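Following this message is one structure expressed as structure tokens.
The values are calculated or read from the model by the stated rules, or taken from the named source; none is laboratory data. From a predicted model like this one, the values you see are computed outputs, not experimental measurements. Quick reminder, even Gly has a Cβ in these numbers, built from the backbone with ideal geometry, and neighbours come from all protein chains shown. SASA here: full protein model, heavy atoms, side chains in, ligands and nucleic acids out. Shrake-Rupley method; radii C 1.70, N 1.55, O 1.52, S 1.80 Å.
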Amino acid sequence: MAIGFLGAGKMAEALLSSMVQDELCEPWEIVVCDISEERRNWMAEQYEVAVTDDAAEVVEDCDMLVVAVKPQDINVLLTGIKDQLDEEHLVISIAAGKTLAALQGVIGTKPRLVRVMPNLALSVGEGMSVFCAAENVTPDDKEAVMQLLGMAGAVLELPEQHFDAVTALSGSGPAFVAYVLQAMIKAAVALDLPEEEARLLAEQTLIGTAVYLQNTGSDIGKFIQAVASPKGTTAAGLAVLEASDVNTVISQTLAAAAARSRELSKA
Ligand SMILES: NC(=O)c1ccc[n+]([C@@H]2O[C@H](COP(=O)([O-])OP(=O)(O)OC[C@H]3O[C@@H](n4cnc5c(N)ncnc54)[C@H](OP(=O)(O)O)[C@@H]3O)[C@@H](O)[C@H]2O)c1
């Protein structure tokens, strides 16, 4: 099946590069459309894929269409191709906040439609993508979507009602985690650790913790207790965390992101 990308920015490139790298398909099976000549030239040179500035050409040539323009550009793009779209097309939108109903409001219910919330870690093969599907999407379509997204990280299907929470946790989450990481690095520098080394230690600690928890499936509370020996260094640090309102702050952070996602999906 030929795959078309409508919009060739950061996210499209992240998906496309892992597809080509992992040989999910050959470059000649991919067509990329972008309004930016610079992006088209980059994609053609870097990945040897066909490029065009004409979305209609991509719809003509491809059954699977990944829509990867910014949410504010998607209606104009889809309106331009809606008359060409039919039952033969599987449309995969990664636009934040654009619901299945809103997208079907533009392209109708003939094309099979999937909505995805990915994150930026797709670009290093460690993304988290969550998808939901319209009623006409087949098990084979879902399999194809899982294969495509799975090239660049983990994939999960969830009902659309969870998408505001998903957007807050895994969509915006990389920025929140990086914020905490930055604070830990600053704190370590204040303890006289050189910045470069502090960054390495903080990043590797984050990776190690996540991989350990994911691989062992350990209870997180027990893991924290296992690191903290009585009256030791970790216990001293944890006492500060527990006396603080860090849980409230994290909960307010995610709630604000989810509320904004809800607002944007109604806009
Ligand atoms: N970045 C993230 O962390 C993240 C996370 C989750 C979801 N997403 C979603 O992923 C989608 C893509 O985001 P991104 O960060 O990859 O955006 P991006 O880097 O801005 O890429 C979008 C590309 O599409 C082009 N474009 C705009 N209108 C077009 C049209 N009508 N036809 C063809 N190409 C067009 C843009 O060109 P110009 O720049 O010239 O306008 C740009 O090159 C967004 O909908 C976003 O909500 C992103």
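By accessible area of protein heavy atoms, probe 1.4 Å, what ranking do Thr79, Thr209 get, highest first?
Correct descending sequence by accessible area is Thr79, Thr209.
Counting only residues 5 or more places away or on other chains, whose amide H sits under 5 Å from the amide H of Ala50 once H atoms are built in the peptide plane?
Ile30, Val32
On to the next question. If the cut-off is a Cα-Cα distance under 12 Å, which aspartates and glutamates reach Lys142, setting aside same-chain residues fewer than 8 apart in sequence?
Glu157
In terms of Cα to Cα distance under 17 Å, which lysines are near enough to Lys266, apart from those fewer than 8 places away along the same chain?
In chain and number order, the partners are Lys70, Lys98.
Here's another thing I want to ask about it. Obtain the nm distance between the two label points defined at Lys231 and Asp219 by a simple spin-label model: each point lies 7 Å from its Cα along the Cα-to-C-beta direction.
With each label placed 7 Å out from Cα toward Cβ, I get 2.6 nm.
Within region 42-109, list the GluC sites (Glu not before Pro) lying in a DSSP loop whose Cβ has at most 16 other Cβ atoms in a 10 Å radius. Intermediate results must be reported in sequence, preceding the final value.
Details: sites: Glu45, Glu48, Glu57, Glu60, Glu87, Glu88; in loops: Glu48, Glu87, Glu88.
Filter output for region 42-109: Glu48, Glu87, Glu88.
In nanometres, what is the gap between the two model label sites at Glu196 and Ala183, each 7 Å from Cα along Cα-to-Cβ?
Roughly 2.8 nm, to one decimal.
Put Lys82, Lys98, Lys110 in order of accessible area, largest first, 1.4 Å probe: what do you get? Write down the numbers at each step before the final one.
On the way: Lys82 75, Lys98 40, Lys110 115 Å².
Output order, biggest surface exposure first: Lys110, Lys82, Lys98.
What aspartates and glutamates does Lys186 reach when the alpha-carbon gap must be under 17 Å and sequence neighbours fewer than 8 apart in one chain are set aside?
Of all the aspartates and glutamates, those that pass the test against Lys186 - Cα under 17 Å, at least 8 places apart if same chain - are Glu195, Glu196, Glu197, Glu203.
Between rounded, prolate and oblate, where does region 171-266 land on the alpha carbon gyration tensor, with a ≥ b ≥ c its root eigenvalues, rounded for a/c under 1.5, else prolate if a/b exceeds b/c?
Prolate shape, in that a/c is at least 1.5 and a/b is the bigger ratio.
Ok, one more. Which percent, nearest 5, of DSSP beta bridges in the chain are antiparallel?
Once the DSSP bridges in the chain are tallied, antiparallel ones form about 15 percent.
Go ahead and set up a Gaussian network model of the chain, Cα springs under 10 Å, then flag whichever of Leu122, Leu156, Leu200 fluctuates most.
It is Leu200.
Quick one: compute a quarter of the convex hull surface over the Cα atoms of the chain and quote it in nm².
Average of the hull's projected areas for the chain equals 16.4 nm².
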